[in-house]
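Each remark here refers to the structure printed beneath this line.
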Amino acid sequence: MDSGLTSYRSALDALFARTGATSKYGLERTFEFLRLLGNPQQRIKTFHVAGTNGKGSVVATLYALLRSRGIRVGRYMSPHLIDFRERIVVDDNAIGEQYVLGFLDRWGPSAERLGATFFEITTCMALDYFASYEVDVAVIETGLGGRLDSTNVIQPLVAGITSIALDHQEYLGDTEELIAREKAGIFKPGVPSVIGAMFTEARVAICRTAADAGVAAVIDATRLYQTSNVTLTANGTSFTVTHGAESADLTIGLTGMAQADNAAVALSMLHAAGSPWAVSLEEARDVLPSVLLPGRFQRVGPYILDVAHNPNGMKSFVATLAAVGVSHPATAVVGVLNDKDWRQMLSILATAADSIVLVAPPSAPPQRAWHPEEALAFAESQGISASVDPDFAHAVQTAPAAAESVLVTGSFHTVGDALLTLGETTL
């Protein structure tokens, strides 16, 4: 990236070219970049959220609950669906194109010299933006893992892990225990630590890793805020939550069988932060219906779009489809990145879809693009009704002609490209 960039699009193209800029993992480049920026991470309060699935929902829930207090709140999430600016938001306003351009124009040469990656640069941009706008607090989502994720340069009020499942094994390890240890790397001495619903092996691994790091205790959100009677409605997910002697019936605007547990994680993190961050169940009852997040069981006419991008996420998507009673015949338009376990994902999805159209989302990075023809051969070998459409937009637009429901899933790229095809916005 050189300082002569004059257009937002050119600046973004140069930024995206930094994806995978180095094979050396670590936080050194991020810390050094932040030092050049004046260490903005030291000037803001934060909540830190990691997890295989559900972290976006927890971030959105924390953001809404904090916003309801009338304070200035930042939110950093990834990846985006349509527009890069979705990643960095303050009080429902996405970062401006001119700020992005100005940051990259000024600091691009430094990033180049450091060998900083796309995500490292973006994380530093977000922290710099939040500090410059003097947010009262920011909710920060990890990108990948935790221990070596570039967001792990913050000293948060509370750190939380939503769930553990197999994903990104090439970076995090090939067992849930190894992945749990990596994600537990965001837990730090003196910082309250929260975990959501997960299998015993992952829970034990997280607690041991936290103890080795000097963390006094790990809070189990499923015990602190116990959920029951989970039902899916036209307005989202309803459930009963019990916290000590207090109990309430709540509804969150997000639809999914896991959303009650995700809400428990968010409530537990605020509770662990203490005053003035904790919210009552009465406050939660008023705010949670407003929580929305594009691409999470999002309905657009006959379409249901969900960013399920690993087997565990696909299981949750299929469970939610069964709970809401999706109309049949149902056609799935699916595009998965080639480093995911797409065989297992297709097998799971086939239990809910009458037919599957395999597509290549245009925005998928070439080095991670899958081969729909290979997926078709697998589907046919398993007796799954499937076809390939080389024209992504055609597949999305024509699917309703032969189906009552159209399920768009497999990756953030697939859902984002479909939303763009349908004329939907995310800002």
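The values are calculated or read from the model by the stated rules, or taken from the named source; none is laboratory data. Just so we're clear, the structure is a prediction, and the values are computed from it rather than from any experiment. Glycine gets a Cβ as well: all are built from the backbone with ideal geometry, and neighbour counts include every protein chain shown. The area values use the complete protein model at the heavy-atom level, side chains included, leaving out ligands, DNA and RNA. Shrake-Rupley method; radii C 1.70, N 1.55, O 1.52, S 1.80 Å.
With every protein chain kept in place and ligands, DNA and RNA left out, what is the accessible area per residue of the range 220-368? Probe 1.4 Å, answer in Å².
Here the residues of the range 220-368 average 39 Å² of exposed surface.
How long are the three semi-axes of the equivalent ellipsoid for the range 344-399, computed from the Cα gyration tensor as the root of 5 times each eigenvalue, in whole Å, largest first?
19, 14, 10
What is the log10 of I(q)/I(0) for the range 172-264, computed with the Debye formula using one identical point scatterer on each Cα and no solvent, at q = 0.13, 0.17 Å⁻¹?
Log-scaled intensity ratios, in q order: -0.53, -0.80.
Under the rule of -39500 (n - 2.57) per DSSP H run of 4 or more residues, summed and divided by the residues of the chain, what mean residue ellipticity at 222 nm is obtained, to the nearest 500 deg cm²/dmol?
Per the formula, -11500 deg cm²/dmol.
Run the 1.4 Å probe and let me know the accessible area of HIS271, rounded to the nearest 10 Å².
80 Å²
Which order do you get for CYS124, CYS207 if you rank them by accessible area with a 1.4 Å probe, largest at the top?
Largest to smallest exposure gives the sequence CYS207, CYS124.
Tell me the per residue accessible area of the range 1-148 using a 1.4 Å probe; a whole number in Å² is fine.
Averaged over the residues of the range 1-148, the accessible area is 39 Å².
Share of Cα-Cα pairs in the chain beyond 33 Å, in percent?
That fraction is 32 percent.
Looking only at Cα atoms, what is the convex hull volume of the range 198-340 per residue, in Å³?
Considering the Cα atoms of the range 198-340, their hull volume per residue is 149 Å³.
So how long is each side of the range 261-396 along the principal axes, counting just the alpha-carbon atoms, biggest first, in Å?
The principal-axis extents, from largest down, are 56, 35, 26 Å.
Quick one: order ARG208, ARG18 from most to least accessible surface, probe 1.4 Å.
In descending accessible area the options line up as ARG208, ARG18.
Run the 1.4 Å probe and let me know the accessible area of GLU373, rounded to the nearest 10 Å².
Answer for GLU373: close to 120 Å² accessible.
Quick one: if you stick a label point 7 Å off each Cα along the C-beta vector at THR175 and ARG368, how many nm between them?
Modelled inter-label distance: 2.7 nm.
Could you pull out every one of the aspartates and glutamates with an alpha carbon less than 12 Å from that of LYS55, ignoring same-chain neighbours closer than 8 positions?
GLU141, ASP261
If you rank ASP417, ASP136 by how much accessible surface each has, with a 1.4 Å probe, what is the order from largest down?
If we order ASP417, ASP136 from most to least accessible, we get ASP136, ASP417.
Where the Cα atoms of the range 56-129 are projected onto their three principal axes, how long is each span, largest first, in whole Å?
Cα extents, longest axis first: 41, 21, 20 Å.
Considering only DSSP beta bridges whose two residues both sit in the range 110-256, what percent are antiparallel, to the nearest 5?
Of all bridge pairs located within the range 110-256, approximately 70 percent are antiparallel.
How much length is gained on full extension from GLN344 to ARG69, taking 0.36 nm per residue of separation minus their Cα-Cα distance?
My answer for the length gained is 94.7 nm.
Using a probe of 1.4 angstrom, how much of the accessible area of the range 306-378 is carbon and sulfur, in percent?
55 percent
Find which of SER68, LEU37, PRO79 sits farthest along the positive direction of the dipole of the range 32-91, computed with +1 on the beta-carbon of Lys and Arg, -1 on that of Asp and Glu, about the Cα centre.
Highest projection toward the positive end goes to SER68.
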